[in-house]
Structures are given as C-alpha cells and as structure tokens.
Amino acid sequence: MDHERYDDTYIRAILRETKIIAMVGASSNWNRPSYFAMKYLQRKGFRVIPVNPREAGKEILGETVYASLAEVPDKIDMVDVFRNSEAAGPVADEAVAVGAKILWMQLGVRNDAAAARAEAAGLKVVMNRCPKIEFGRLSREIGWMGINTGVISSKRRSQL
Amino acid sequence: MADTPSYGFETLAVHAGAAPDPVTGSRATPIHQTTAFVFDDVDHAASLFNLQVFGNIYTRLTNPTVAVLEQRLAGLEGGRGAVAAASGHSAQMMAFHVLMEAGDHFIAAKQLYGGSLTQFGQSFKKFGWDATTVDATNVQNFRDAMRPNTKAIFIENLANPGGVVVDVEAVAAVAHEAGVPLIVDNTLATPFLARPFEWGADIVVHSLTKFLGGHGNSLGGMVVESGKFDWAQNDKYPSLTEPNASYHGLKFYETFGDMAYSVAIRAQSLRDLGPALSPMNAFLILTGIETLPLRMERHCDNALKVAEFLEAHPKVDWVSYAGLKSSRFYDLGKKYLPRGAGAVFTFGVKGGFESGVTIVENVELISHLANIGDTRSLIIHPASTTHRQLGEAELIAAGAGPDVVRLSVGIETVDDIIRDLDQALSRV
Ligand SMILES: Cc1ncc(COP(=O)(O)O)c(C=O)c1O
C-alpha cells in the first residue's frame, strides 16, 4: 500500500463504509482542530465517540468520553488518531484489538510501522490526512471555500 | 499529496471547480445573485460562523458562483486554494493584509504595473506598510533589501508594461532564505504560459480583468496559495499562527494547515476589508477562462508577428518583447514562458512623447484605452496615461519613458493589426 498518495476510490470507500468513528485525542476545547473535525463529521451523519483519558466521563458534543478504545461499548468502524506519530503506535495496536476496520491518522501524523501492523491484521490504513477535509473534498463542499478539490465530474450528484 | 487524477490544462480551464447543479441539473454554472443564504437551524448558523462546517453565509464571504471561479484558478495554478476579489488591486491588498502588521516591510520589484507601484508607495504607506522597490533584473537586489521586519517579496514574473521576465526561481530562493513568501503577480502570463508555483512561488495574485476574463467586460482579482509555505517557521505571521480574537482564540495555521492562508484571507481580509467579487462578474470571467488556452495561443502568435513587424519598422527605435531574439529577456522567456511571451509589450517610437501621442490618436482598429488582455487589440502611451502619477526617474525605471508605447495584441486577424499600426506610424 502506497501511503504517499491514495486514490479517491480508496478514500471514498472508507468514508462510505464507516458509521462509527472513535476519535482518539478528542478535545472539549471548541477551538481545537479535533473539535472542528468531530462537529463536522457529526453533521455528516457519522457517530463520533471521543476517547481521551484526561477527559474521561465528560461529554463532548453530546457524546461520552472514554479513557481508552477498549472501554468504548459500541462497535468501532474507524479509529481516527489525533495524537502525535509516536503515540499512534500503541493506538494502532488497540485499534486492532477492538476489531476496528480502519485506522486513520490525522494530518501530520504518520507511523509506517504501526500502519504495517494494522494492515497485517486486515485494517485499511490512511495516514497524514483529515477525514473532514477528505469528506469535504470528495463531496466538493470544501470548494465553497475556494479550496481546490481536484475533483471533476459531469454527474449531478456529488460522489459521496 | 495530490490524490486525484491529474487533468490537462485545457480540461481544467473548462471544468475545474464546476459541476452540474445538484438541484436543477444546470450544466453551466448558475449565477447565484443573492446576498445571503438560509441556515438550517441555529446550530448550523453557529457552526458556519465558527468556520466548523463548510457552507455559505453571506456573499461578502463566500458565494457559490464565485467559489467555482476560485477553484478554477486554484486548479489552473496548481494551488491549494484561492480567494476572489473585486479587482486585481484589492486582491493585492488582501494578499498583504494577512501577512503585514503596521510597521512591517516588504520588497517589490521596480518593474511593476504603475498602479501597483502607486498602491504600494502611497496607499499602503497609510496602513504603515513600508515597501522598498528594487531592480528585479538583478536578484541580489532583493537580498540586499531584506530587513528583520520584511514579510514578503512581490514581483510580476512578466512585467507590465515592459516585456521584462524575472528569474522567479532565483527570487524564490532569496525569499525562502529569509523565511518569507514570494508573491507573484501572474496577470500578464496567465497560468497558461507560466505557473509560478512550479518555480517556488508561494502566493500568486491575478487581475482577472485581463487575459483570464479576456473580453474586457469584467473587473476581478484573485489570490491563490500554493499550500506549501510553513507559516510557523518563524514568528513573522501572527495573523496565521497566533490565537485570533474574533474567532475566540482560533489559530488559523494549526486548524486549517495547508489552506490556512486562503481561509485567513477570507475570514479576516474579505470579511473586514470587504472587496467581494460580484457573482455576475465571476460568471463572465468563468466563461472567458474556458477559452483561455485557445486565446492565449492566438494572442502570443499575433504578438510575435506584430513585434517582428515593429522591430523592422524605420520609425521604431526598439521593441521590448521577450519573444524576440533581440530581447535581453529572451533566454529567461524560453525558461519561464516556453509557450509564448504573452501579448503585452512596449516599443519606442522615434520622436519621443509627441510621436507616442500621434500613434495612439491615429489608430483606427486598435483601441486607445487603459487596459490590457482584451480580445481586441489595445494601445496606450503610458507616460501620458497609466504611469502619469510617476516622476521621470520612476517612469524610466518602470519601463515607461516618454517614447514608450504599450500594445496589448488582440486575437483579430494579425495582418489587420499590422496594417493599422503601419498607417498610424506613417503619420509620425
Ligand atoms: C499586472 C497587473 N497587476 C494588477 C493590475 C490591477 O488590476 P485591476 O485593474 O483588476 O485592479 C493590473 C491592471 O492593469 C495589472 O496590469
């Protein structure tokens, strides 16, 4: 798997099959990037479950925060890593342990060894991307802000 | 990090940013002639105002028709994002607004459109923005003018009006040594002839009024960002890296990453300075851009033939067109403008100021007016018009001395353009 660039079809399939996202490193501070992403993904119909030991038991955007992935009672489709590249290693192993299907590391986060372990366990992996930005790009919504989506389509409906 | 298939320039010129309207199926981009957009509910409204979701609030900030044009330019330049403005000048103002604080400094080429020199030297001074202008034909001049409070370098890669080609790659290196972005005004070349990001530029500005719109019917401007500049490498750019009070402490670079500059222009400069492009103009410019590649080819072919004609004419002293082998910019032109040296250039007529006036007053097909980049051929005598605000020394430095006539060669039959110039020259 080439992690320098991903085909749109790969990202699109991941975003289509995902219903529940566990966001590791979610913050209750509304001007943090993780909060922006959570708020956006919720509006797009994803359920986002925050995971952060420092905020455990609190609520973020109507969802209870859990201390670890293992404590999340629901079946997790995607683990979205809002931690640094090093911390992404153990998170990847926990993602495998809880049976997640997708491991997604945020913009600026990349851990090739962790990605290899997750892929060996059958997970799909995305690194150094943001699901909010990718959703916005493939749905062309981000274009409303003048951002280059690179997407050209003669279809009436957006491709997500 | 491009994840999508890459399309050819001509495809992007027709399609980038546009899609059939999801509700009606309209294939042409609809003109969203509205000031405001309804919210779904109060939470949606709050999320929009906090920049947490994408969507439209008010046309001063975003508009769906204008957004298609913004994406079109970002696509054509190979940039990350773009913000449209009501004119090229207001685009320049916004490009600097996010970078500069009062008391800051930037370096600009001397070889610029006269209006830009005036904007920098007079109006920007009132904001406390200090510009040093240097001769851009010697790259060392930029290095020498660098100060601790310098925030950017600004050049025209193909300068108006003189047919000057600047060594973009070398100037970008000077900017990056100092940790500041290079801003390139790519108006005269258009992305069809030159894509400054490929040579290290960080920000591109346009007057869409010229070749991009291309039909002389609409003013417009654009700021495009490459998305590659690291705004946190030093502490020069607090508007991008420090908490913003009007967004409750949001840090633009941290939150928006490689699109932080364009989001900040929209959320700070467009919001507060207000030079929004009208949807109608955006539509007209978009329509123009669809034929940009075809027009630019013809513009360049015609310009070269007209330049060759003038160079051989006994009443013409010199022609400054980078497409001519006699030009000192011929080699730089081959490197930076391989598809053609544009269609705007100057020539010196024997007899100076008076002869210049004679020519512009006697052309019949070519229009005597202050614009460039129209389908129609245009002519002006800068010393008596566009560059009139400048003193004699500045006039010469800007390539607009008393004998200088500027042409913007249109896409008419080239023999007709040449015949018209010939008869006007015969009166000199
Ligand atoms: C190179 C260049 N930049 C900027 C501008 C300013 O653009 P506008 O007239 O759209 O404000 C012009 C206008 O002539 C120009 O030629």
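Restricting attention to segment B:78-108, and to residues there that are among the aliphatic types (A, V, I, L, M) and away from the ligand (no atom under 16 Å from the Cβ), which single residue is most open to solvent (accessible area, probe 1.4 Å)? If you could, list the steps in order and put the result at the bottom.
Taking segment B:78-108 and keeping what is among the aliphatic types (A, V, I, L, M), we get B:82-86, B:91, B:93-95, B:98-100, B:102, B:107-108.
After this cut, where a residue has to be away from the ligand (no atom under 16 Å from the Cβ) as well, the list is B:98-100, B:102, B:107.
Details: B:VAL98: 1, B:LEU99: 1, B:MET100: 9, B:ALA102: 82, B:ILE107: 0 Å².
By that ranking, first place goes to B:ALA102.
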Restricting attention to segment B:280-306, report how many residues are hydrophobic (A, V, I, L, M, F, W, C), closer than 20 Å to B:ALA159 by Cβ and in contact (Cβ under 8 Å) with a residue 40 or more places away in the chain. 4
Entirely in segment B:24-135, the helices (runs of 4 or more DSSP H) that have 3 or more residues that are over 22 Å from A:ARG140 (Cα atoms) and at pLDDT 95 or above: B:88-97
Sort through B:SER269, B:SER262 and tell me the only one that's within 25 Å of B:THR59 (Cβ to Cβ), among the small types (Gly, Ala, Ser) and in contact with a Gly (Cβ under 7 Å, 6 or more places away or on another chain). B:SER262
Matching residues, segment A:21-41, being surrounded by fewer than 17 Cβ atoms within 10 Å (Cβ to Cβ) and β-branched (Val, Ile, Thr): none
If the requirement is being of a type outside the set (S, T, N, Q) and more than 11 Å from chain A (Cβ to nearest Cβ), which of these qualifies: B:ALA67, B:ALA45? B:ALA45
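Only one of these is touching a helix residue (DSSP H, G or I) at 6+ places or on another chain (Cβ under 6 Å) and either hydrophobic (A, V, I, L, M, F, W, C) or closer than 30 Å to B:VAL349 by Cα (or both): B:ALA245, B:ALA260, B:ALA267. Name it.
Working: B:ALA245 fails: touching a helix residue (DSSP H, G or I) at 6+ places or on another chain (Cβ under 6 Å); B:ALA267 fails: touching a helix residue (DSSP H, G or I) at 6+ places or on another chain (Cβ under 6 Å).
So the residue among B:ALA245, B:ALA260, B:ALA267 that is touching a helix residue (DSSP H, G or I) at 6+ places or on another chain (Cβ under 6 Å) and either hydrophobic (A, V, I, L, M, F, W, C) or closer than 30 Å to B:VAL349 by Cα (or both) is B:ALA260.
How do the helices (runs of 4 or more DSSP H) wholly within segment B:229-282 filter down when requiring 3 or more residues that are of a type outside the set (Gly, Ala, Ser) and at pLDDT below 95: which remain?
Numbers: elements: B:238-241, B:252-256, B:260-264.
Correct list: B:252-256.
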Restricting attention to segment B:149-173, and to residues there that are under 17 Å from the mean Cα position of the chain (by Cα) and polar (S, T, N, Q), which single residue is surrounded by the most Cβ atoms within 10 Å (Cβ to Cβ)? B:ASN160
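Taking only segment B:192-222 into account, find how many residues are in contact (Cβ under 8 Å) with a residue 60 or more places away in the chain, of a type outside the set (Gly, Ala, Ser) and under 24 Å from B:LEU99 (Cα atoms). Walk me through it before giving the result.
Initially, segment B:192-222 is screened for residues in contact (Cβ under 8 Å) with a residue 60 or more places away in the chain, giving B:192-199, B:203-222.
In the following step, the residues that additionally are of a type outside the set (Gly, Ala, Ser) were identified as B:192-193, B:195-199, B:203-206, B:208-212, B:215, B:217, B:219, B:222.
Imposing the further condition that a residue be under 24 Å from B:LEU99 (Cα atoms) reduces the set to B:195-199, B:203-206, B:208, B:222.
Looking only at that region, the number is 11.
Among the listed residues B:GLY88, B:GLY25, B:GLY8, which satisfies the condition of being facing chain A (nearest Cβ under 10 Å) and not hydrophobic (A, V, I, L, M, F, W, C)? Break it down into steps so the answer makes sense when it comes.
On the way: B:GLY88 fails: facing chain A (nearest Cβ under 10 Å); B:GLY8 fails: facing chain A (nearest Cβ under 10 Å).
Going through B:GLY88, B:GLY25, B:GLY8 in turn, the sole match is B:GLY25.
The values are calculated or read from the model by the stated rules, or taken from the named source; none is laboratory data. Predicted model only: the values in this text are computed from it and were never measured. Using ideal geometry, Cβ is built from the backbone for each residue, glycine included, and neighbour counts are taken over all protein chains shown. For the accessible areas, the whole protein counts, side chains as well, though only heavy atoms, and no ligand, DNA or RNA atoms are used. Shrake-Rupley method; radii C 1.70, N 1.55, O 1.52, S 1.80 Å.
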